[in-house]
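S.K.: Can you read through this structure? Questions will come right after.
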Amino acid sequence: CSDCGKSFSVSCRFFRHCRVHTGEKPYCCAGCGKSFRWSKTLVTHWRIHTGEKP
């Protein structure tokens, strides 16, 4: 990574890492419109709307 010097052996991990620097949040909640950087965070957030327990 030219911003922080981290290196990655798998290119998809590098592209995912780049979101830290760009602020990109591609995962949007259909319930409230809030956006998230990571899909796992969206899944956890979605429980607010469904009432599902972890």
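Values in this text are rule-based calculations from the coordinates and carry no lab data. Only a predicted model underlies this, so the values are computations on that prediction, with no experimental measurement involved. For neighbour counting, all protein chains shown are included, and Cβ atoms are generated from backbone atoms with ideal geometry for every residue, glycine included.
S.K.: Can you return the lysines within cross-link range of residue 25? Criterion is Cα-Cα under 21 Å, with same-chain partners fewer than 8 residues away left out.
M.R.: The reachable lysines, counting only those whose Cα sits under 21 Å from residue 25, are 6, 34, 40.
S.K.: Hey, fewest Cβ within 10 Å first, where do 52, 24 land in order?
M.R.: Numbers: 52 10, 24 13.
Ranked by crowding around the Cβ, least crowded first: 52, 24.
S.K.: Treating the beta-carbon of each Lys and Arg as +1 and of each Asp and Glu as -1, no other charges, what is the dipole magnitude of the chain about its Cα centre, to the nearest 20 debye?
M.R.: 120 debye
S.K.: Using only Cα atoms and rounding to the nearest 10 degrees, what angle (0 to 90) does helix 39-50 make with the longest principal axis of the chain?
M.R.: The angle comes out near 10 degrees.
S.K.: Give the shape of the chain as rounded, prolate or oblate, defined through the alpha-carbon gyration tensor: a ≥ b ≥ c are the square roots of its eigenvalues, a/c under 1.5 means rounded, and otherwise the shape is prolate if a/b is larger than b/c and oblate if not.
M.R.: The shape class here is prolate.
S.K.: Could you check the simple spin-label distance between residue 40 and residue 7, using points 7 Å along Cα→Cβ, in nm with one decimal?
M.R.: Calculated label separation equals 2.5 nm.
S.K.: If one takes the longest principal axis of the Cα atoms in the chain, at what angle in degrees, from 0 to 90 and to the nearest 10, does the Cα axis of helix 11-22 lie?
M.R.: That works out to roughly 80 degrees.
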